[in-house]
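Structure first, then comments.
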Amino acid sequence: MRKSVLTFVKDLKSNKKLHALDEASTKQAIALRLLSLLGWDIFNVEEVYPDFLSESDTVSYALRIDGVSKLLMDVKRPGENPDGLHKQLVAFAVREGVDVAVHTDGLRWWFYLPAVSGALAQKRCHVCDLLEHKPEDVTSDLMAFLSRDKIVSGEYLEAAKAAYQRHKRKMAADVLPDAWNNVLVGPNQILVEILGDASEKICGCKAEPEMIEGFIRAHLEQWLLARDPGTAPMERTASNRHTRPSFPVLSDNSSEIKTKKPEFFADKSIRSFSFQGNTYPVKSWEDMLTTVCNCFAAVHPQDFEKVLWLYDDHKPIFSRYSDQLRIPEKIRKTNIYVETKLAPDEIVKAVGDLLTEFGYGHDDLVITTQ
């Protein structure tokens, strides 16, 4: 069996016409032929059940043993983003109580364990790509997951679970740099406590939390890990953090939008500001700062804590400790305070840093002065 499946996979890999096959041709030339090589009687509809229907959904095939569906296989062209198709397939399998679901476009094979908890990506246990992977590896995978003997014995499910564990470990390894960065940017309270305890063991005096946060802040950029090879994480934020941003300003006397530096606002009064098309009347510059903070905290609750690393001339603008700030204002639904004793140009710069930190452009915010 292995030799014939390997030959078939190599033939597919070298076939330049596969991309042109429609759905019906893909079923006949690839899916059914492969199932035949894997020991299935493709003419027995009790084993290879075509157009398997449940409620209003249909999948191409249900592979069945003794009248029980063991695996659902859908053969469709997924387009640019197959996730929507995969969600439907996985939901179908969950309703039917089927252990494994697979979608193929003829060249790629996505395998899922529908009963696993989590999002779609967490249910995916393996992907075979005839063009990217070695024919020997593809052959082994297809035999492990789809051969009739493996499905009869239940080994296909064990193979899927083993692949799932490997996939989970890879996902965990892939997100470690982001996890590390999140611990630093938080800053993570456990890390603060660990450093405090370590300092006490060394010298007998426990460093205070604000001292530890300041220490981490001072070394943050050199400790952050790059998300992509050759690209420093938060590079744009770090490089622009100490620059003076420019803002669109809407003048009372003209509808023309002009670019101004923060220093322009030093002797100005504010009437309102607009952010992404929404206008917010405010009574003061401090009111604008707290309104922006409350808005960003609501929109970005998971990573809002990274504002703790925004500071001006080494003075924190945000802190978990109100006594670190001169006139603190608590940001809604957080345990973070913002400094409001700032000059207008300092507030404009702080708002600019917030925009940059959360990926917005400075032209997303328009200030109306009087």
| remark: For the stretch 97-212, inverting the pair-averaged 1/r of distinct alpha-carbon atoms gives a Kirkwood value in Å of 17.5
| message | For the ranges 209-222, 335-348, what's the packing order if you count other beta-carbon atoms within 10 Å of each residue, average per peptide, and put the highest first? | response | 335-348, 209-222
| For the charge dipole of the stretch 76-219, defined by +1 on Lys and Arg C-beta atoms and -1 on Asp and Glu C-beta atoms about the Cα centroid, which residue among Gly118, Met143, Ile216 has the Cα displaced farthest towards the positive pole? | Met143
| said: Which one, Phe43, Ala298, Leu184, projects farthest toward the positive side of the charge dipole computed for the chain from Cβ point charges (K/R +1, D/E -1)? | reply: Phe43
| note | In order over the stretch 5-10: 3J(HN,Hα) from phi, Karplus 6.51/-1.76/1.60, θ = phi - 60°, whole Hz, x for each Gly or Pro, gives 5, 5, 4, 5, 5, 5
| note | In order over the stretch 346-359: 3J(HN,Hα) from phi, Karplus 6.51/-1.76/1.60, θ = phi - 60°, whole Hz, x for each Gly or Pro, gives 5, 5, 4, 5, 5, 5, x, 5, 4, 4, 5, 4, 9, x
| message | Quick check: from the Cα gyration tensor, does the stretch 5-58 come out rounded (a/c under 1.5), prolate or oblate? | response | oblate
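Which translational diffusion coefficient, to the nearest whole µm²/s, is obtained for the stretch 87-136 from the Stokes-Einstein equation, given a Kirkwood hydrodynamic radius over C-alpha pairs, 10 °C and 1.306 mPa s?
139
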| request: Write down the accessible area per residue of the stretch 285-365 in Å², having rolled a 1.4 Å probe over the full set of protein chains. | output: 43
| note | Computed, not fitted: 222 nm per-residue ellipticity of the chain from DSSP H runs ≥ 4 (each -39500 (n - 2.57)), nearest 500, equal to -13000 deg cm²/dmol
| query | Hey, what angle do you get for helix 155-185 against the long axis of the chain, alpha-carbon based, 0 to 90 degrees rounded to 10? | reply | 10
| said: Give me the percent of accessible area attributable to carbon and sulfur for the chain, probe 1.4 angstrom. | reply: 51
| remark: Measuring from the longest principal axis of the C-alpha atoms of the chain, the long axis of helix 285-299 (C-alpha) lies at a number of degrees, nearest 10, equal to 10
| query | If you line up the long axis of helix 83-96 against the longest principal axis of the chain, both from Cα atoms, how many degrees apart are they, to the nearest 10? | reply | 60
| field | Dipole magnitude of the chain, debye to nearest 20 (Cβ charges: Lys/Arg +1, Asp/Glu -1, about Cα centre) | value | 540
| note | Whole-Hz Karplus couplings 3J(HN,Hα) for the stretch 99-106, θ = phi - 60° and coefficients 6.51, -1.76, 1.60, Gly and Pro as x, run 6, 10, 10, 9, 10, 9, 9, x
| request: Show Arg166, Arg108 ordered by accessible area, largest first, where the area counts protein heavy atoms only and the probe is 1.4 Å. | output: Arg166, Arg108
| remark: Over 25 Å (Cα to Cα) among Lys16/Lys170; Lys70/Lys161; Lys13/Lys87; Lys260/Lys333; Lys123/Lys306; Lys70/Lys168 -> Lys16/Lys170; Lys13/Lys87; Lys260/Lys333; Lys123/Lys306
| request: Kindly give the semi-axes, whole Å and largest first, of the ellipsoid equivalent to the chain, taking each as the square root of 5 times a Cα gyration tensor eigenvalue. | output: 57, 26, 18
| message | Please list, ordered by chain and number, the residues whose modelled amide H lies under 5 Å from the amide H of Ser272; skip anything fewer than 5 residues away on the same chain. | response | Val282, Thr368
| Surface accessible to a 1.4 Å probe, per residue, for the residues of the stretch 1-108, Å² | 52
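The values are calculated or read from the model by the stated rules, or taken from the named source; none is laboratory data. Values in this document were obtained by computation on a predicted structure and should not be read as measured data. Note: ideal-geometry Cβ built from the backbone for every residue, glycine included; neighbour counts use all protein chains shown. Quick note on the areas: whole protein, heavy atoms, side chains included, nothing else; ligands and nucleic acids left out. Shrake-Rupley method; radii C 1.70, N 1.55, O 1.52, S 1.80 Å.
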